[in-house]
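Below is one structure, written out as structure tokens, with a few remarks after it.
Values quoted throughout were computed directly from the atomic coordinates according to the rules given, and no laboratory measurement underlies them. For clarity, every value in this text was computed on a predicted model and none was experimentally measured. Glycine gets a Cβ as well: all are built from the backbone with ideal geometry, and neighbour counts include every protein chain shown.
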There are 2 protein chains.
Amino acid sequence: MSLRQKDSPRILVWTKIAHCIHRIRTTVSYGGLSVQRFTSIFANDAPPSSIIIERVEPELDAGRYAVKREVGDRFEVTADIFRDGHEKIAAFLKYRRKDAIEWFESEMHFVDNDRWGGAFDLTENTRYVYTIEAFPDVFGTWTDELRKKAEAGLDVASELLEGRAIVVEASRRAGDDASAIERSIRDIDGAETQSIAVELALSDDLAELMHRHRSRVGGAFYERELEVIVDRPIARFAAWYELFPRSAGKVEGQGATFDDVIARLPEISGMGFDVLYFTPIHPIGSTNRKGKNNTLNAAPGDPGVSYAIGTAEGGHDAIEPSLGTIEDFRRLVARARDYGMETALDIAIQASPDHPWAKDHPDWFFIRPDGSIKYAENPPKKYQDVYPVNFFSDSWKALWEELRRVIIFWVKNGVTHFRVDNPHTKPTIFWEWLIAEVQRDHPEIVFLSEAFTRPKVMRALAKAGFTQSYTYFTWRNFKQEIIDYFTELSQSEMREYFRGNLFANTHDILPYILQQGGRPAFKFRFVLAATLSSVYGIYSSYELCEATPVPGKEEYLNSEKYEFKVWDWDRPGNIKGYITTINQIRREHPALQEYENLRFYGADDDSVLCYGKSTPDHSDNILVVVNLDPFQVHETWIHFSLADFGIGDDEQYRVTELITGENFIWTGGSQQVRLDPHNEPVAIYAFHRWSHMDSVESIN
Amino acid sequence: MSLRQKDSPRILVWTKIAHCIHRIRTTVSYGGLSVQRFTSIFANDAPPSSIIIERVEPELDAGRYAVKREVGDRFEVTADIFRDGHEKIAAFLKYRRKDAIEWFESEMHFVDNDRWGGAFDLTENTRYVYTIEAFPDVFGTWTDELRKKAEAGLDVASELLEGRAIVVEASRRAGDDASAIERSIRDIDGAETQSIAVELALSDDLAELMHRHRSRVGGAFYERELEVIVDRPIARFAAWYELFPRSAGKVEGQGATFDDVIARLPEISGMGFDVLYFTPIHPIGSTNRKGKNNTLNAAPGDPGVSYAIGTAEGGHDAIEPSLGTIEDFRRLVARARDYGMETALDIAIQASPDHPWAKDHPDWFFIRPDGSIKYAENPPKKYQDVYPVNFFSDSWKALWEELRRVIIFWVKNGVTHFRVDNPHTKPTIFWEWLIAEVQRDHPEIVFLSEAFTRPKVMRALAKAGFTQSYTYFTWRNFKQEIIDYFTELSQSEMREYFRGNLFANTHDILPYILQQGGRPAFKFRFVLAATLSSVYGIYSSYELCEATPVPGKEEYLNSEKYEFKVWDWDRPGNIKGYITTINQIRREHPALQEYENLRFYGADDDSVLCYGKSTPDHSDNILVVVNLDPFQVHETWIHFSLADFGIGDDEQYRVTELITGENFIWTGGSQQVRLDPHNEPVAIYAFHRWSHMDSVESIN
């Protein structure tokens, strides 16, 4: 095994046992749960370390939860590291795959005010564990002191002898470098004058050798091992398209098949979507089936709600027969992949009264005193077509194992994304267990949490392991509430674990802004979803600007939740071309593929929102300006920070508006914009440094 | 044992074993160090709890360090506590003395947005451990549902049966209350109509019984036990007076004795001081003794620096013979106590070359290659009269134990406060061990950390257990830097563990502001120290406005560190009366006895500082206005928040300036003040609600 890897973090192979021994020693002095358990400090022959490691970032809830990153990221860790007195210290960021025993390490560097920083590259789709080790830099401390005394003209004979002992000790651990170190010792011993000896002792060569073989005696480990989940890039950057497979056909009053969905793939892929998300595809119960527009009794021929899962023909691992077979489904998944799209399945953990579980495992449900299974309720409302499961019955283990089996079943059939319905009505600890279990062997799987519940519950689900989360985006329509909410999502600690997937609509939500704002609102709400976050989604019919509500509600009239539906995908007023353009812009601009790089800027008009995104190297810079008023033209000044885009205050620069393709030469961070919602409610500017372009072009 | 205690927290005796069993169960699901150790979740028959307890406050560094409070405080704890779904939960704050096995508990209450709060009274000078338990409120959830369904007119026969099972289960654990619960069951069973049964099931009597005997099945413990150190009130509220005992006499060129110090007690106590702090009182080494003004070679008769501790006559547990005997010292401590003052001793862990340790335990020091002991250095400076000790030698345990013995020795001789010299050059882990060891049997002992080093090092010492800490106060002279620094001390997380003891001067520091600002500066710097913090100190001669520096340095010329000194304690220009007045104001005003209640207010003039302190019930309200310019008169508007003082915006109120005793009637939170430094640079206003006073007086 080579001692060096690219990017210069030194590799050290540690056995888990050796690491444990160190931990046991340091736990005595830096014990976690038991504060100051000092009766045991004398149980060791070695004294405790005097080094303190604290305020490690990132760290969630004292390491209780993992942070999230994506493959290809460089993972940066900072910490306060210090000790008493003025002796120098060295520190290493240590890391390993969670499922491996080999530790690697990367040296940390002093930043400022006792703060240190280190980093390593996240190369694999897996979970890593990381922690910090720090120890006294004995040789570095000694050379510092020697240099000062020699410069002051003091006799350093005694100091040279002290240093000799440090170097001799290192040579014993130096392996192939031992002879080089011993040669240095002989040279210093044989130096004709003390000043020559000092010069040799302070040489770069010896410093390099000693650096490589530093003693770690007196060192400390950070008291916790922390975890980072490294997802695939698609977890951060993706456009989702939700559809009811049964609505993909062309015959009125008749359900479509998976083959009809396959026929739609070129169009959906052509608009630039990455993830194809199907509402449940399982057999739909007939007991207490709901009719059109959520009526209590279905008419003959009504297909029922696909969330009332299960019939005698099967449950969560079965296919609704009218859609096709499991082979048809696998073919659909494969064809979608050919078109560059992955497949997401809806997971709703509940059963129709006809579900096989209700017959075979009534113990997985809540039982009424008369022995019957309890249906879902929100008193006084009753949902008699659905049985919730009981995660805490005496048979909880069998139920949890069955649910894990169901997920793995679909994973084996090609599904890579799971959109989880109402996760907040199930135990968070269940999701934490389930996601870890699935991702242990299938780290590529993405879980999206549907919850729109209390903020702390939504955050808890994300911390428990959900890869992505629904947000309050649909209910954030005005300038300040958008700024506040997305500043929280992208700038607070939430950015470490909560990836907001912005759905502009869902099969359950037709927001008022779309009902009232018409096509201009559909356009700018789409751009907001697609550029405020790097991951977003729409529910099919958005591209048609479908906006007929159940009066007074944020729900679709004649929703395809309750009936067969046939759509004219080319109907007038559709914004398929617009969606295609925006998705193309997202794909061409790396700045829009990052999540936490969102920055808001000022605009004098309260209906105009201005924000930007940049890559860290300023190679790609995007400024988005949105007229949030779907009715009126707004013309206003916007004020952004040129420094955020790597552009000087007095510099002229080129700006391209990406929707229209128009170019401008601008100077300064204040500009005037005019946005007509009936023409184009949004401007997306890409910034180019003119002087830079110029010089590049003149060279070529 | 009674089931109830004052203030209504219910008492439950838990054996440590029972608690451990609960912890083991919850640790599986809420494991700390090992994130998501889910292979073991199925090791239990019982399912994990679905309740999440997080963001507990106060909590320092994930419970690694204890927070600090004082006897008499009510200890308030808040946390996010929630679960999936809409079921109700109950939560208890659990606590015990750290050295006891009995747990007590106090019910927590829902605050807002999934936040809960609870509290208990800190009645003893000891360390407490606290944590949180929460569990589903099964009966409360059931009554909620029953009420909604009954109100909707639904048949609730099945629900009544479910509730019956819950009540029967509780009756089995209800002890003396079992018969009352069984009577309720019989009444409900025998109800003539369902609506009567519902009424009985929802009765307050049954709710009270069920509340008392709630099942805790499905509950969770917070994953950590946290600690609070409860010091005596003197740890928060005290005025310190530092002196060199050898300077207490009247004969020039001759050292004073402890009896001379006793003669000074009436005057020091009369000024209102609470803690009498002596610089080291041990035998002073003669090898390389320093002379006057820190010269390298002492003249015959020079007494030496009292920090060069130890001669053949003894070390850290001995008394410098010229001061008296240990019996004399005990008499001094007892007399001081008669005058209401406690005694603080300086602890400087270092030795003169003549210290008995140097002969008997050379292994406790750093050894040079030639076998001699290393003296202290800060290259190129040498401190040849002082040997630093080596906390990490092979003999570290013996050294640490000896240092503990020394502290306990002085505790047994009546010392209650230790001011630790240069703690930042010794391992923080040593202090953590030492302080915990001493306070285990002597919780009344106060440790004051001298360090003025890097902010994080100072904070680490406080977190490690120092009761009080020196601050940067001497170097915070201007308005904004005072506001910034004291906002950090009193409002940030530091207030949980760092009690800033504001020394206006020390034997090492004569600040420039005092050198240049003269008597006005001595007055307002004293008021700042005495009112910005509840605990402060001066070094003797401050009351004389002694301000002759070593030119260009913040040090005293002819410092008594190096020579015998005789002071005229009544010399002209002294501010003893002023000090007496301010200390009297502190004693009369509870608002000035609190630490974290400091709030800064606006003043239009950049040289005028305005701040206030209030008791939580607004029974005492203080507003301090300081002219920070010792040279010129400043007249300006100040702007404070009447709401902070419990006074209405339109209300007329009485204000007493406490130094002069003048009274004013004010209205509104903006007032004009004029401060002449040569007359009185400070105003200290006490606020009285006039209407309140009025009504009280008319009643009497």
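Remark: relative contact order (segment B:511-666) = 19 percent; criterion is Cα-Cα distance under 8 angstrom and separation of 6 or more residues. Among B:CYS545, B:CYS610, a tally of other beta-carbon atoms within 10 Å of each Cβ gives an order, fewest to most, of B:CYS545, B:CYS610. Remark: relative contact order (chain A) = 10 percent; criterion is Cα-Cα distance under 8 angstrom and separation of 6 or more residues.
A convex hull fitted around the alpha carbon atoms of segment A:79-178 yields 149 Å³ per residue. Positive end of the charge dipole of chain B (Lys, Arg +1 and Asp, Glu -1 on Cβ, about the Cα centre): tell me which of B:PRO520, B:TRP400, B:VAL56 has its Cα farthest that way. My answer, from the dipole projection, is B:TRP400. Ranking B:SER195, B:HIS213, B:LEU243 by how far each Cα lies toward the positive end of the dipole of segment B:163-286 (charges on Cβ) leaves B:LEU243 at the top. Under the shape rule built on the C-alpha gyration tensor, where the axes satisfy a ≥ b ≥ c, segment B:353-478 is oblate, since a/c reaches at least 1.5 while a/b does not exceed b/c. Would you please calculate the Kirkwood hydrodynamic radius of the protein assembly as shown over all C-alpha pairs and express it in Å, rounded to one decimal? After inverting the mean inverse Cα-Cα distance, the result is 36.9 Å.
Going by C-beta contacts inside 10 Å, put A:ASP187, A:ASP84 in order with the fewest on the left.
On the way: A:ASP187 16, A:ASP84 24.
The order, fewest Cβ neighbours first, is A:ASP187, A:ASP84.
Computed about the Cα centre, the dipole magnitude for segment A:286-360 is approximately 200 debye when only Lys and Arg (+1) and Asp and Glu (-1) carry charge, each at its Cβ. Note on A:ARG97/B:SER215: beta-carbon distance plugged into 1/(1 + (r/R0)^6) with R0 of 45 Å gives a FRET efficiency of 0.55.
Can you give me the C-alpha center-to-center distance between segment B:390-413 and segment B:228-282, rounded to a whole angstrom? When both Cα centres are located, 25 Å separates them. A cut-off of 5 Å between modelled amide H atoms, ignoring neighbours fewer than 5 places along the same chain, links A:ILE89 with A:ASP137.
If we sort B:91-97, A:180-186, B:101-107, B:498-504 on the protection proxy, mean other Cβ atoms within 10 Å, highest first, what's the order?
With the highest mean Cβ count within 10 Å placed first, the list reads B:498-504, B:91-97, B:101-107, A:180-186.
Between B:ARG599 and B:VAL111, the contour length at 0.36 nm per residue exceeds the Cα-Cα span by 173.2 nm. In terms of overall dimensions, the C-alpha atoms belonging to segment A:496-561 reach 40, 25, 19 Å along their principal axes, ordered largest to smallest. About its Cα centre, segment B:238-320 has a charge dipole of approximately 300 debye under the convention of +1 per Lys or Arg Cβ and -1 per Asp or Glu Cβ, with nothing else charged. Among residues other than A:TYR375 with Cβ under 10 Å from its Cβ, the summed charge is +1 (Lys and Arg +1, Asp and Glu -1). Closest approach to the axis carrying B onto A, counted by Cβ on chain B and given in whole Å with its residue, is B:ALA62, 2. Placing a label point 7 Å from the Cα of A:THR141 along the Cα-to-Cβ direction, the distances to the matching points in the other copies come to 5.7 nm, shortest first. Residues A:LEU461, B:LEU226, B:LEU544 in ascending order of nearby Cβ atoms (within 10 Å, fewest first): B:LEU544, B:LEU226, A:LEU461. Loop-resident GluC sites (Glu not before Pro) (DSSP state other than H, G, I, E or B) in segment A:224-291 with no more than 13 further Cβ atoms inside 10 Å of their Cβ: A:GLU252. Electrostatic tally near B:LYS565: other residues with Cβ closer than 10 Å to its Cβ, Lys and Arg +1, Asp and Glu -1, net -1. Annotation: the antiparallel percentage among DSSP beta bridges lying fully within chain B is about 75. Based on the reciprocal of the average 1/r between different C-alpha atoms, the Kirkwood radius for chain B equals 29.3 Å. Charge dipole (Cα centre; +1 on Lys/Arg Cβ, -1 on Asp/Glu Cβ; no other charges) of the protein assembly as shown amounts to roughly 2320 debye.
What are the semi-axes of the equivalent ellipsoid of segment A:214-264, taken as the square roots of 5 times the eigenvalues of the Cα gyration tensor, listed largest first and rounded to whole Å?
Details: eigenvalues 641, 22, 12 Å².
Largest first, segment A:214-264 gives 57, 11, 8 Å.
Each copy carries a label point for A:ARG331 at 7 Å from Cα along the beta-carbon vector; from one copy to the others these points are 11.0 nm apart, nearest first. Listed cross-link partners A:LYS250/A:LYS412; B:LYS374/B:LYS412; B:LYS374/B:LYS456; B:LYS88/B:LYS149; A:LYS68/B:LYS88; A:LYS456/B:LYS463 are compared with a 23 Å cut-off, the Cα-Cα value being larger for A:LYS250/A:LYS412; B:LYS374/B:LYS412; B:LYS374/B:LYS456; A:LYS68/B:LYS88; A:LYS456/B:LYS463.
The other copies place their B:GLN491 label points at 1.9 nm from this one, listed shortest first, where each point is 7 Å from Cα along Cα→Cβ. Relative to one another, the C-alpha centroids of segment A:143-219 and segment B:495-544 are positioned 47 Å apart. Put a dot 7 Å past the Cα of B:LYS381, heading toward its Cβ, do the same for A:GLN194, and the two dots end up 2.2 nm apart. Each label was represented as a point 7 Å from its Cα along the Cα-to-Cβ direction; for A:GLU327 and B:ASP508 these points are 8.6 nm apart.
Give me the mean projected area, in nm² to one decimal, of the convex hull enclosing the Cα positions of segment A:611-654. Spell out each step's value before the answer.
Details: hull surface 15.8 nm².
Orientation-averaged projected area of the Cα hull: 3.9 nm².
Evaluated at q = 0.13, 0.14 Å⁻¹, the base-10 log of the normalised Debye intensity for segment A:559-700, with identical point scatterers placed on the Cα atoms, takes the values -0.65, -0.73.
Extending 7 Å from Cα along the Cβ direction at B:THR656 and again at B:GLU57 yields two label points whose distance is 3.6 nm.
Explain nothing, just the number: relative contact order of segment A:460-543, from Cα pairs under 8 Å at least 6 residues apart, as a whole percent.
Numbers: 85 pairs, mean separation 27.5, N = 84.
RCO, segment A:460-543: 33 percent.
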